[in-house]
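Heads up: the structure comes next, in C-alpha coordinates.
The values are calculated or read from the model by the stated rules, or taken from the named source; none is laboratory data. On a predicted model such as this, the values are computed, not experimentally measured, just so you know. Counting neighbours? That spans all protein chains shown, and the Cβs are built from the backbone with ideal geometry, glycine included.
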Amino acid sequence: GRQTYTGLSNEFKMIGNPYASSIDFKTLAKSNLPDNYYLWDPLITTGQGVGGYVAFTRVGSGYVAAPAPVSPLDLNGTIQSGTAFFVKFNAGGGTLTVDESAKVSGSVVVNAPITSPTQLRTNLLLNTPERTLMDGVLNLYDPLFSDSVDDNDIYKMVNISETLALVSSKSYLSIERRSPIKATDTIFLHLNQIKLRFYKFEFIADNLNRPGLSAYLEDTYDSSKTLINLTGTTTINFEVVNNPASYKTSRFRITFKQAELPFRFTSLKAVLKNNLADITFTTVNEKHINNYKVQRSYDDIHFSDVFTTYPISSGNDSSLYNFKDEKVRTGDNYYRIKSLNSKGDSLFSETAKVVFESNAKLVTIAPNPASHGIINLKMYHKISGNYGIKIMNNSGQIISDQTIYHSEDDIDQKFAVGSMLASGTYYIQILNPANEVEILKCLYFK
(Lines give C-alpha, C1' and ligand atoms only; values in the text may rest on other atoms or scores of the structure.)
Protein backbone atom coordinates (compact mmCIF):
# COMPACT_ATOMS: atom_id res chain seq x y z
CA GLY A 1 0.00 0.00 0.00
CA ARG A 2 0.87 3.66 0.13
CA GLN A 3 3.87 4.68 2.21
CA THR A 4 4.76 8.29 3.10
CA TYR A 5 8.24 9.22 4.26
CA THR A 6 8.84 12.42 6.21
CA GLY A 7 12.16 14.23 6.08
CA LEU A 8 13.57 16.87 8.38
CA SER A 9 14.96 20.19 7.18
CA ASN A 10 17.91 19.59 4.76
CA GLU A 11 17.96 15.90 5.73
CA PHE A 12 19.51 13.17 3.58
CA LYS A 13 17.15 10.20 3.95
CA MET A 14 17.53 6.63 2.74
CA ILE A 15 14.34 5.07 1.32
CA GLY A 16 13.82 1.54 0.05
CA ASN A 17 11.60 0.54 -2.86
CA PRO A 18 8.94 -1.42 -0.90
CA TYR A 19 7.48 -3.23 -3.91
CA ALA A 20 8.37 -6.37 -5.80
CA SER A 21 8.40 -4.32 -8.99
CA SER A 22 10.32 -1.26 -10.14
CA ILE A 23 9.01 2.25 -9.41
CA ASP A 24 9.30 5.47 -11.39
CA PHE A 25 10.81 8.27 -9.28
CA LYS A 26 9.28 10.91 -11.60
CA THR A 27 5.75 9.88 -10.57
CA LEU A 28 6.30 9.86 -6.80
CA ALA A 29 4.39 12.54 -4.89
CA LYS A 30 6.92 15.04 -3.48
CA SER A 31 6.42 17.89 -1.06
CA ASN A 32 9.33 20.31 -0.59
CA LEU A 33 11.56 17.75 -2.24
CA PRO A 34 13.41 18.43 -5.53
CA ASP A 35 13.37 15.93 -8.39
CA ASN A 36 16.80 14.58 -7.41
CA TYR A 37 17.93 11.27 -5.93
CA TYR A 38 21.06 9.20 -5.28
CA LEU A 39 21.93 5.55 -6.00
CA TRP A 40 24.93 3.49 -4.97
CA ASP A 41 27.01 2.25 -7.90
CA PRO A 42 29.19 -0.69 -6.81
CA LEU A 43 31.25 -0.57 -10.03
CA ILE A 44 32.62 2.93 -9.49
CA THR A 45 36.26 2.56 -8.37
CA THR A 46 36.48 -0.66 -10.39
CA GLY A 47 39.18 -2.89 -8.97
CA GLN A 48 39.27 -0.96 -5.72
CA GLY A 49 36.28 -2.85 -4.30
CA VAL A 50 34.54 0.21 -2.89
CA GLY A 51 31.86 1.81 -5.10
CA GLY A 52 30.41 5.31 -4.91
CA TYR A 53 27.26 7.42 -4.99
CA VAL A 54 25.70 8.63 -8.24
CA ALA A 55 23.50 11.74 -8.14
CA PHE A 56 20.54 12.06 -10.52
CA THR A 57 18.74 15.30 -11.44
CA ARG A 58 15.77 15.80 -13.73
CA VAL A 59 16.42 17.34 -17.16
CA GLY A 60 13.43 17.29 -19.48
CA SER A 61 11.77 13.88 -19.56
CA GLY A 62 14.73 12.02 -18.06
CA TYR A 63 17.69 12.43 -15.75
CA VAL A 64 21.38 13.24 -16.00
CA ALA A 65 23.83 11.75 -13.52
CA ALA A 66 27.14 12.63 -11.89
CA PRO A 67 29.36 10.82 -12.03
CA ALA A 68 28.20 8.95 -15.14
CA PRO A 69 27.24 5.49 -13.83
CA VAL A 70 29.56 2.55 -14.46
CA SER A 71 26.80 0.10 -13.62
CA PRO A 72 23.88 0.07 -16.11
CA LEU A 73 21.73 2.36 -13.96
CA ASP A 74 18.53 3.70 -15.50
CA LEU A 75 18.36 7.36 -16.61
CA ASN A 76 14.55 7.42 -16.85
CA GLY A 77 13.99 7.51 -13.09
CA THR A 78 13.41 3.76 -12.66
CA ILE A 79 14.40 2.32 -9.28
CA GLN A 80 14.60 -1.44 -9.12
CA SER A 81 12.74 -3.67 -6.67
CA GLY A 82 14.52 -3.86 -3.32
CA THR A 83 16.87 -0.98 -4.21
CA ALA A 84 17.55 1.71 -1.64
CA PHE A 85 17.95 5.32 -2.72
CA PHE A 86 18.68 8.61 -0.99
CA VAL A 87 16.89 11.95 -1.27
CA LYS A 88 17.67 15.32 0.28
CA PHE A 89 14.75 17.36 1.60
CA ASN A 90 14.70 21.14 1.29
CA ALA A 91 14.88 23.55 4.20
CA GLY A 92 11.81 23.12 6.37
CA GLY A 93 11.48 19.41 5.65
CA GLY A 94 8.98 17.62 3.42
CA THR A 95 7.45 14.31 2.40
CA LEU A 96 7.80 11.63 -0.26
CA THR A 97 4.90 9.29 -0.99
CA VAL A 98 5.30 5.91 -2.71
CA ASP A 99 2.13 4.16 -3.85
CA GLU A 100 0.91 1.58 -6.35
CA SER A 101 0.62 4.15 -9.17
CA ALA A 102 4.42 4.51 -9.24
CA LYS A 103 4.96 0.87 -10.26
CA VAL A 104 6.38 0.19 -13.70
CA SER A 105 6.23 -3.13 -15.51
CA GLY A 106 9.37 -5.20 -15.71
CA SER A 107 12.77 -4.64 -14.15
CA VAL A 108 14.90 -4.31 -17.23
CA VAL A 109 17.67 -1.77 -16.76
CA VAL A 110 17.82 0.68 -19.66
CA ASN A 111 20.14 3.61 -20.26
CA ALA A 112 17.69 5.90 -22.04
CA PRO A 113 19.20 8.51 -24.36
CA ILE A 114 18.74 12.00 -22.98
CA THR A 115 19.25 15.12 -25.06
CA SER A 116 22.43 16.66 -23.70
CA PRO A 117 22.13 20.19 -22.32
CA THR A 118 25.05 22.59 -22.34
CA GLN A 119 27.37 21.00 -19.80
CA LEU A 120 30.85 20.31 -18.51
CA ARG A 121 31.43 16.92 -16.90
CA THR A 122 34.50 16.51 -14.68
CA ASN A 123 35.60 12.97 -13.83
CA LEU A 124 38.32 11.87 -11.42
CA LEU A 125 40.12 8.69 -12.54
CA LEU A 126 43.13 6.71 -11.48
CA ASN A 127 46.02 7.13 -13.91
CA THR A 128 46.19 3.43 -14.79
CA PRO A 129 45.99 1.51 -18.10
CA GLU A 130 42.44 0.38 -17.33
CA ARG A 131 39.71 3.00 -16.91
CA THR A 132 39.03 3.40 -13.18
CA LEU A 133 36.45 6.09 -12.39
CA MET A 134 36.68 7.29 -8.80
CA ASP A 135 34.10 10.09 -8.79
CA GLY A 136 32.68 12.91 -10.90
CA VAL A 137 30.69 16.15 -10.94
CA LEU A 138 28.58 17.97 -13.53
CA ASN A 139 27.97 21.63 -14.41
CA LEU A 140 24.79 22.40 -16.40
CA TYR A 141 24.23 25.74 -18.15
CA ASP A 142 21.06 27.44 -19.35
CA PRO A 143 19.75 31.05 -19.38
CA LEU A 144 16.90 29.95 -17.09
CA PHE A 145 19.27 28.66 -14.39
CA SER A 146 20.34 30.73 -11.40
CA ASP A 147 23.94 31.33 -10.33
CA SER A 148 22.86 31.04 -6.69
CA VAL A 149 22.73 27.65 -5.02
CA ASP A 150 19.07 26.64 -4.87
CA ASP A 151 16.80 23.60 -4.90
CA ASN A 152 17.75 22.86 -8.52
CA ASP A 153 21.34 22.07 -7.49
CA ILE A 154 22.11 18.64 -6.07
CA TYR A 155 24.32 18.31 -3.01
CA LYS A 156 27.27 15.95 -2.70
CA MET A 157 27.15 12.70 -0.76
CA VAL A 158 30.60 11.76 0.54
CA ASN A 159 32.01 8.47 -0.75
CA ILE A 160 33.97 5.92 1.23
CA SER A 161 37.00 6.61 -0.99
CA GLU A 162 38.00 9.60 -3.13
CA THR A 163 35.32 12.28 -3.36
CA LEU A 164 35.18 15.08 -5.92
CA ALA A 165 32.76 17.97 -5.33
CA LEU A 166 31.94 21.40 -6.71
CA VAL A 167 32.20 24.26 -4.21
CA SER A 168 29.69 27.07 -4.63
CA SER A 169 28.59 29.53 -1.95
CA LYS A 170 30.18 27.29 0.71
CA SER A 171 28.05 24.33 -0.48
CA TYR A 172 29.44 21.05 -1.80
CA LEU A 173 27.61 19.88 -4.91
CA SER A 174 27.48 16.92 -7.30
CA ILE A 175 25.53 18.81 -9.96
CA GLU A 176 25.29 22.58 -10.27
CA ARG A 177 23.00 24.52 -12.61
CA ARG A 178 24.14 27.98 -13.67
CA SER A 179 23.43 30.64 -16.27
CA PRO A 180 25.67 30.57 -19.39
CA ILE A 181 29.38 30.86 -18.72
CA LYS A 182 30.85 34.33 -18.20
CA ALA A 183 34.51 35.28 -18.39
CA THR A 184 34.50 35.97 -14.63
CA ASP A 185 33.24 32.46 -13.73
CA THR A 186 35.38 30.02 -11.75
CA ILE A 187 34.56 26.38 -10.98
CA PHE A 188 36.10 25.47 -7.63
CA LEU A 189 36.88 21.75 -7.30
CA HIS A 190 37.08 20.02 -3.91
CA LEU A 191 39.16 16.83 -3.65
CA ASN A 192 38.72 14.83 -0.46
CA GLN A 193 40.16 11.51 0.78
CA ILE A 194 42.74 11.38 -2.00
CA LYS A 195 45.81 9.20 -1.63
CA LEU A 196 49.48 9.53 -2.58
CA ARG A 197 49.29 8.24 -6.14
CA PHE A 198 48.74 9.18 -9.80
CA TYR A 199 45.36 10.50 -10.95
CA LYS A 200 43.89 12.18 -13.99
CA PHE A 201 40.99 14.50 -14.65
CA GLU A 202 38.71 13.85 -17.58
CA PHE A 203 36.75 16.87 -18.81
CA ILE A 204 33.88 16.24 -21.23
CA ALA A 205 32.37 19.39 -22.74
CA ASP A 206 29.06 19.39 -24.58
CA ASN A 207 27.64 22.43 -26.44
CA LEU A 208 30.05 24.73 -24.59
CA ASN A 209 32.07 26.08 -27.50
CA ARG A 210 31.48 29.70 -28.50
CA PRO A 211 33.72 32.20 -30.29
CA GLY A 212 36.52 33.50 -28.09
CA LEU A 213 35.70 31.37 -25.00
CA SER A 214 38.47 29.26 -23.46
CA ALA A 215 38.74 27.24 -20.23
CA TYR A 216 41.76 26.28 -18.12
CA LEU A 217 42.49 23.88 -15.28
CA GLU A 218 44.62 25.76 -12.75
CA ASP A 219 46.81 23.75 -10.35
CA THR A 220 47.81 25.79 -7.29
CA TYR A 221 50.46 23.22 -6.33
CA ASP A 222 52.70 23.63 -9.38
CA SER A 223 51.14 26.89 -10.67
CA SER A 224 50.33 25.24 -14.00
CA LYS A 225 47.48 26.30 -16.27
CA THR A 226 46.26 23.74 -18.82
CA LEU A 227 43.80 24.42 -21.65
CA ILE A 228 40.53 22.45 -21.60
CA ASN A 229 38.99 21.58 -24.97
CA LEU A 230 35.42 22.94 -25.07
CA THR A 231 34.46 20.81 -28.07
CA GLY A 232 35.21 17.34 -26.71
CA THR A 233 37.21 15.45 -24.10
CA THR A 234 40.39 16.58 -22.32
CA THR A 235 42.53 14.40 -20.04
CA ILE A 236 44.99 16.01 -17.62
CA ASN A 237 47.32 13.94 -15.43
CA PHE A 238 48.46 14.88 -11.94
CA GLU A 239 50.21 13.31 -8.98
CA VAL A 240 49.55 13.59 -5.27
CA VAL A 241 52.77 13.50 -3.22
CA ASN A 242 53.54 13.82 0.47
CA ASN A 243 53.25 17.59 0.57
CA PRO A 244 50.28 19.46 2.13
CA ALA A 245 50.04 21.71 -0.92
CA SER A 246 49.78 18.62 -3.14
CA TYR A 247 46.86 17.00 -1.28
CA LYS A 248 45.15 20.28 -0.42
CA THR A 249 41.41 19.88 -1.02
CA SER A 250 41.19 23.17 -2.96
CA ARG A 251 44.23 22.49 -5.15
CA PHE A 252 42.33 22.72 -8.46
CA ARG A 253 39.95 25.17 -10.11
CA ILE A 254 38.63 25.83 -13.61
CA THR A 255 38.77 29.37 -14.94
CA PHE A 256 37.37 30.91 -18.11
CA LYS A 257 38.52 33.62 -20.45
CA GLN A 258 36.55 35.41 -23.15
CA ALA A 259 38.81 36.78 -25.86
CA GLU A 260 37.84 40.18 -27.20
CA LEU A 261 36.62 39.58 -30.72
CA PRO A 262 36.99 42.20 -33.47
CA PHE A 263 34.02 44.35 -34.37
CA ARG A 264 32.39 43.64 -37.72
CA PHE A 265 29.30 44.33 -39.76
CA THR A 266 27.43 41.08 -40.38
CA SER A 267 24.75 42.29 -42.79
CA LEU A 268 23.32 45.33 -44.58
CA LYS A 269 20.00 45.31 -46.43
CA ALA A 270 18.22 48.15 -48.21
CA VAL A 271 14.74 47.69 -49.70
CA LEU A 272 12.08 50.05 -51.01
CA LYS A 273 8.90 50.11 -48.92
CA ASN A 274 6.10 52.63 -49.37
CA ASN A 275 8.35 55.08 -51.24
CA LEU A 276 10.95 54.87 -48.45
CA ALA A 277 14.34 53.19 -48.32
CA ASP A 278 14.21 50.72 -45.41
CA ILE A 279 17.78 50.19 -44.15
CA THR A 280 18.62 47.31 -41.78
CA PHE A 281 22.11 46.40 -40.61
CA THR A 282 23.55 44.04 -37.99
CA THR A 283 26.83 44.02 -36.08
CA VAL A 284 28.73 41.92 -33.54
CA ASN A 285 31.28 42.79 -30.86
CA GLU A 286 30.50 46.51 -30.69
CA LYS A 287 31.96 47.01 -27.21
CA HIS A 288 34.29 49.85 -28.32
CA ILE A 289 32.02 51.50 -30.90
CA ASN A 290 30.96 55.10 -30.25
CA ASN A 291 28.41 55.55 -33.02
CA TYR A 292 27.17 54.54 -36.46
CA LYS A 293 26.35 56.86 -39.35
CA VAL A 294 24.05 55.82 -42.17
CA GLN A 295 25.43 57.33 -45.36
CA ARG A 296 23.65 57.88 -48.69
CA SER A 297 24.92 58.49 -52.22
CA TYR A 298 23.20 58.95 -55.56
CA ASP A 299 26.31 58.03 -57.61
CA ASP A 300 28.08 55.40 -55.38
CA ILE A 301 31.02 57.81 -55.06
CA HIS A 302 30.04 60.82 -52.99
CA PHE A 303 28.43 59.77 -49.68
CA SER A 304 26.93 62.01 -47.00
CA ASP A 305 25.65 61.30 -43.48
CA VAL A 306 21.87 61.05 -43.18
CA PHE A 307 21.39 59.42 -39.77
CA THR A 308 23.39 58.77 -36.58
CA THR A 309 22.67 56.03 -34.04
CA TYR A 310 24.51 54.57 -31.06
CA PRO A 311 25.43 51.01 -29.94
CA ILE A 312 22.78 49.06 -28.05
CA SER A 313 25.20 46.40 -26.75
CA SER A 314 28.33 46.70 -24.64
CA GLY A 315 29.60 43.16 -25.24
CA ASN A 316 30.05 40.53 -27.92
CA ASP A 317 26.35 40.18 -28.73
CA SER A 318 24.78 40.63 -32.15
CA SER A 319 22.85 43.90 -32.58
CA LEU A 320 20.27 44.97 -35.17
CA TYR A 321 19.53 48.53 -36.34
CA ASN A 322 16.91 50.01 -38.67
CA PHE A 323 16.51 53.37 -40.42
CA LYS A 324 13.93 54.60 -42.94
CA ASP A 325 15.06 57.21 -45.47
CA GLU A 326 12.36 59.40 -46.98
CA LYS A 327 14.66 61.23 -49.39
CA VAL A 328 14.88 58.56 -52.05
CA ARG A 329 15.44 59.92 -55.55
CA THR A 330 14.33 58.45 -58.84
CA GLY A 331 16.95 55.95 -60.01
CA ASP A 332 19.77 54.46 -57.95
CA ASN A 333 20.24 55.21 -54.25
CA TYR A 334 23.29 53.79 -52.45
CA TYR A 335 23.69 53.24 -48.70
CA ARG A 336 26.55 52.23 -46.42
CA ILE A 337 27.25 52.36 -42.68
CA LYS A 338 30.26 54.05 -41.10
CA SER A 339 31.31 53.00 -37.59
CA LEU A 340 33.50 55.10 -35.31
CA ASN A 341 35.27 53.45 -32.37
CA SER A 342 36.69 54.87 -29.15
CA LYS A 343 40.14 55.29 -30.75
CA GLY A 344 38.72 57.39 -33.58
CA ASP A 345 39.08 54.62 -36.17
CA SER A 346 36.38 54.18 -38.80
CA LEU A 347 35.13 51.08 -40.59
CA PHE A 348 32.70 51.00 -43.50
CA SER A 349 30.15 48.34 -44.28
CA GLU A 350 29.50 47.01 -47.74
CA THR A 351 27.18 49.09 -49.98
CA ALA A 352 23.51 48.33 -50.62
CA LYS A 353 21.43 49.80 -53.44
CA VAL A 354 17.77 50.80 -53.73
CA VAL A 355 16.31 51.50 -57.17
CA PHE A 356 13.37 53.87 -57.24
CA GLU A 357 11.06 53.84 -60.26
CA SER A 358 9.75 57.25 -61.35
CA ASN A 359 6.14 56.06 -61.76
CA ALA A 360 5.71 55.55 -58.03
CA LYS A 361 3.24 57.74 -56.11
CA LEU A 362 5.24 60.84 -55.17
CA VAL A 363 2.92 63.21 -53.28
CA THR A 364 0.69 62.43 -50.33
CA ILE A 365 -1.15 64.30 -47.58
CA ALA A 366 -0.13 63.18 -44.13
CA PRO A 367 -1.94 63.10 -41.92
CA ASN A 368 -5.20 62.81 -43.81
CA PRO A 369 -7.65 63.91 -42.40
CA ALA A 370 -5.79 67.12 -41.60
CA SER A 371 -6.67 69.31 -38.60
CA HIS A 372 -5.60 72.12 -36.26
CA GLY A 373 -5.13 74.67 -39.05
CA ILE A 374 -2.35 72.73 -40.85
CA ILE A 375 -2.30 70.75 -44.10
CA ASN A 376 0.98 68.85 -44.61
CA LEU A 377 2.12 67.68 -48.04
CA LYS A 378 4.80 64.99 -48.29
CA MET A 379 6.57 65.51 -51.61
CA TYR A 380 8.79 62.52 -52.35
CA HIS A 381 11.45 62.74 -55.04
CA LYS A 382 10.13 65.96 -56.59
CA ILE A 383 12.68 68.02 -58.48
CA SER A 384 13.68 71.38 -57.05
CA GLY A 385 11.72 74.40 -58.30
CA ASN A 386 8.61 76.52 -57.92
CA TYR A 387 5.28 74.76 -57.32
CA GLY A 388 1.80 76.26 -57.53
CA ILE A 389 -0.50 75.09 -54.74
CA LYS A 390 -4.27 75.69 -54.87
CA ILE A 391 -6.81 74.63 -52.22
CA MET A 392 -10.35 74.25 -53.58
CA ASN A 393 -13.66 73.29 -52.00
CA ASN A 394 -16.23 70.84 -53.34
CA SER A 395 -17.69 73.51 -55.63
CA GLY A 396 -14.32 74.18 -57.25
CA GLN A 397 -13.99 77.55 -55.52
CA ILE A 398 -10.34 78.46 -54.88
CA ILE A 399 -9.80 79.07 -51.17
CA SER A 400 -6.02 79.53 -51.32
CA ASP A 401 -3.59 80.08 -54.20
CA GLN A 402 0.16 80.37 -53.59
CA THR A 403 3.54 79.54 -55.07
CA ILE A 404 6.26 77.79 -53.06
CA TYR A 405 9.85 76.81 -53.73
CA HIS A 406 10.47 73.10 -53.12
CA SER A 407 13.95 71.62 -52.66
CA GLU A 408 14.49 68.02 -53.71
CA ASP A 409 16.14 67.35 -50.36
CA ASP A 410 13.01 68.38 -48.46
CA ILE A 411 9.96 66.19 -47.89
CA ASP A 412 7.38 68.10 -45.86
CA GLN A 413 5.56 71.22 -47.02
CA LYS A 414 3.22 72.63 -44.38
CA PHE A 415 0.37 75.04 -45.19
CA ALA A 416 -1.22 77.12 -42.47
CA VAL A 417 -4.91 77.43 -43.32
CA GLY A 418 -5.91 78.98 -39.99
CA SER A 419 -9.60 79.84 -39.86
CA MET A 420 -10.09 80.00 -43.65
CA LEU A 421 -11.27 76.37 -43.84
CA ALA A 422 -14.41 74.89 -42.32
CA SER A 423 -14.60 71.16 -41.65
CA GLY A 424 -15.20 69.30 -44.90
CA THR A 425 -13.69 67.89 -48.09
CA TYR A 426 -11.13 69.86 -50.12
CA TYR A 427 -8.93 69.31 -53.14
CA ILE A 428 -5.25 70.25 -53.35
CA GLN A 429 -3.99 71.07 -56.84
CA ILE A 430 -0.22 70.92 -57.36
CA LEU A 431 1.39 72.44 -60.46
CA ASN A 432 5.04 71.37 -60.84
CA PRO A 433 7.85 73.20 -62.73
CA ALA A 434 7.08 71.13 -65.86
CA ASN A 435 3.44 72.40 -65.78
CA GLU A 436 2.14 68.95 -64.80
CA VAL A 437 -0.84 68.89 -62.46
CA GLU A 438 -1.66 66.54 -59.60
CA ILE A 439 -4.85 66.76 -57.54
CA LEU A 440 -5.21 65.22 -54.08
CA LYS A 441 -8.35 64.83 -51.98
CA CYS A 442 -8.11 66.06 -48.38
CA LEU A 443 -10.46 65.76 -45.44
CA TYR A 444 -10.17 68.60 -42.95
CA PHE A 445 -11.51 68.97 -39.39
CA LYS A 446 -11.22 72.14 -37.40
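Tell me which strands (runs of 3 or more DSSP E) are completely within the stretch 342-443 and hold 2 or more residues being without any contact (Cβ under 8 Å) to a residue 60 or more places away in the chain and of a type outside the set (Phe, Trp, Tyr), or say none if there are none.
374-379, 385-392, 398-406, 412-416, 424-431
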Q. Which members of the stretch 209-226 meet the condition of being surrounded by 12 or more Cβ atoms within 10 Å (Cβ to Cβ) and either within 26 Å of the chain's Cα centre (by Cα) or among the hydrophobic types (A, V, I, L, M, F, W, C) (or both)?
A. Asn209, Arg210, Gly212, Leu213, Ser214, Ala215, Tyr216, Leu217
(Q) I'm told Thr45 meets every condition in (1) β-branched (Val, Ile, Thr); (2) outside any loop (DSSP other than H, G, I, E, B); (3) at pLDDT below 90 except one. Can you identify the failing condition by its number? (A) (2)
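Give me a count of the residues in the stretch 138-171 that are small (Gly, Ala, Ser) and in a strand (DSSP E or B).
The initial filter retains those residues of the stretch 138-171 that are small (Gly, Ala, Ser), namely 146, 148, 161, 165, 168-169, 171.
Right, trim to in a strand (DSSP E or B) and you get 165, 168, 171.
Qualifying residue count, the stretch 138-171: 3.
So which of Thr27, Thr4 is farther than 21 Å from Leu124 by Cβ and in contact with a helix residue (DSSP H, G or I) (Cβ under 6 Å, 6 or more places away or on another chain)? Show your work before the answer.
Values: Thr4 fails: in contact with a helix residue (DSSP H, G or I) (Cβ under 6 Å, 6 or more places away or on another chain).
Among Thr27, Thr4, only Thr27 is farther than 21 Å from Leu124 by Cβ and in contact with a helix residue (DSSP H, G or I) (Cβ under 6 Å, 6 or more places away or on another chain).
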Q: Pull up the stretch 288-304, narrow it to residues that are under 27 Å from Asp317 (Cα atoms) and among the polar types (S, T, N, Q), then point me to the one that is surrounded by the most Cβ atoms within 10 Å (Cβ to Cβ).
A: Gln295
(Q) Report every pair of residues separated by at least 6 positions or lying on different chains whose Cβ atoms are under 9 Å apart, first residue within the stretch 259-275 and under 18 Å from Ser342 (Cβ atoms), second loosely packed, with under 12 Cβ neighbours inside 10 Å. (A) Leu261/Pro211; Phe265/Glu350
Q: Confirm whether Ile160 is in contact (Cβ under 8 Å) with a residue 60 or more places away in the chain and under 24 Å from Val50 (Cα atoms).
A: yes
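Of the residues that make up the stretch 369-382, is at least one under 14 Å from Pro433 (Cα atoms), out of contact with any Lys or Arg (no Cβ under 6 Å at 6 or more places or on another chain) and loosely packed, with under 14 Cβ neighbours inside 10 Å?
Within the stretch 369-382, none of the residues are under 14 Å from Pro433 (Cα atoms), out of contact with any Lys or Arg (no Cβ under 6 Å at 6 or more places or on another chain) and loosely packed, with under 14 Cβ neighbours inside 10 Å.
Per-residue answers, yes or no, for (1) small (Gly, Ala, Ser); (2) closer than 20 Å to Tyr292 by Cα:
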{"position": "Ser318", "(1), (2)": "yes, yes"}
{"position": "Leu347", "(1), (2)": "no, yes"}
{"position": "Val355", "(1), (2)": "no, no"}
{"position": "Met379", "(1), (2)": "no, no"}
{"position": "Met392", "(1), (2)": "no, no"}
{"position": "Glu408", "(1), (2)": "no, no"}
{"position": "Ala416", "(1), (2)": "yes, no"}
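Filter the stretch 54-68 down to residues that are of a type outside the set (Val, Ile, Thr) and buried (at least 21 other Cβ atoms within 10 Å of the Cβ), then give me how many there are. Working first, answer last.
Residues of the stretch 54-68 of a type outside the set (Val, Ile, Thr): 55-56, 58, 60-63, 65-68.
Right, trim to buried (at least 21 other Cβ atoms within 10 Å of the Cβ) and you get 55-56, 63, 65-67.
Residues meeting the conditions: 6.
Taking the condition over 30 Å from Tyr216 (Cβ atoms), more than 28 Å from the chain's Cα centre (by Cα) and loosely packed, with under 15 Cβ neighbours inside 10 Å, does Lys269 pass?
On the way: over 30 Å from Tyr216 (Cβ atoms): yes; more than 28 Å from the chain's Cα centre (by Cα): no; loosely packed, with under 15 Cβ neighbours inside 10 Å: yes.
The answer is no for Lys269.
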Q: Say whether the condition of being farther than 30 Å from Tyr216 by Cβ and under 20 Å from the mean Cα position of the chain (by Cα) is met by at least one residue in the stretch 283-301.
A: no
Q: For the stretch 25-36, indicate whether the set of residues that are modelled with pLDDT of 95 or more, polar (S, T, N, Q) and over 32 Å from the mean Cα position of the chain (by Cα) is non-empty.
A: yes
Q) Restricting the first residue to the stretch 229-252 and requiring it to be closer than 17 Å to Leu191 by Cα, which pairs with a second residue that is of a type in the set (A, V, I, L, M, F, W, C) and in a loop (DSSP other than H, G, I, E, B) meet a Cβ separation below 7 Å and a spacing of at least six or different chains? A) Val240/Ile194; Val240/Leu196; Val241/Leu196; Asn242/Leu196; Ser246/Val240; Tyr247/Ile194; Tyr247/Val240
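Limited to the stretch 70-101, what total is found for residues that are of a type outside the set (Ser, Thr, Tyr) and part of a loop (DSSP other than H, G, I, E, B)? First the steps, then the outcome.
The initial filter retains those residues of the stretch 70-101 that are of a type outside the set (Ser, Thr, Tyr), namely 70, 72-77, 79-80, 82, 84-94, 96, 98-100.
Retained after the next criterion (residues that are part of a loop (DSSP other than H, G, I, E, B)): 70, 72-77, 80, 82, 89-93, 99.
The number of residues fulfilling the criteria is 15.
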Q. Just a yes or no: is a residue in the stretch 370-387 modelled with pLDDT of 90 or more and charged (D, E, K, R)?
A. no
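When only residues in the stretch 1-38 that are assigned to a loop (DSSP other than H, G, I, E, B) and of a type in the set (A, V, I, L, M) count, which is farthest from Glu100 (Cα to Cα)? Reasoning before the result, please.
Just the residues of the stretch 1-38 that are assigned to a loop (DSSP other than H, G, I, E, B), to begin with: 1-2, 8-11, 17-21, 28, 32-35.
Within this subset, residues satisfying the condition of being of a type in the set (A, V, I, L, M) are 8, 20, 28, 33.
Numbers: Leu8: 25, Ala20: 11, Leu28: 10, Leu33: 20 Å.
Once the filter is applied, the top-ranked residue is Leu8.
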Q) Taking into account only those residues within the stretch 412-446 that are crowded, with 16+ Cβ neighbours inside 10 Å and within 15 Å of Ile374 (Cβ to Cβ), which is farthest from the chain's Cα centre (by Cα)? A) Leu421
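Can you tell me which of Ile337, Ile365 is at pLDDT below 90 and buried (at least 18 other Cβ atoms within 10 Å of the Cβ)? Write out each step before concluding.
Values: Ile337 fails: at pLDDT below 90.
The match here is Ile365.
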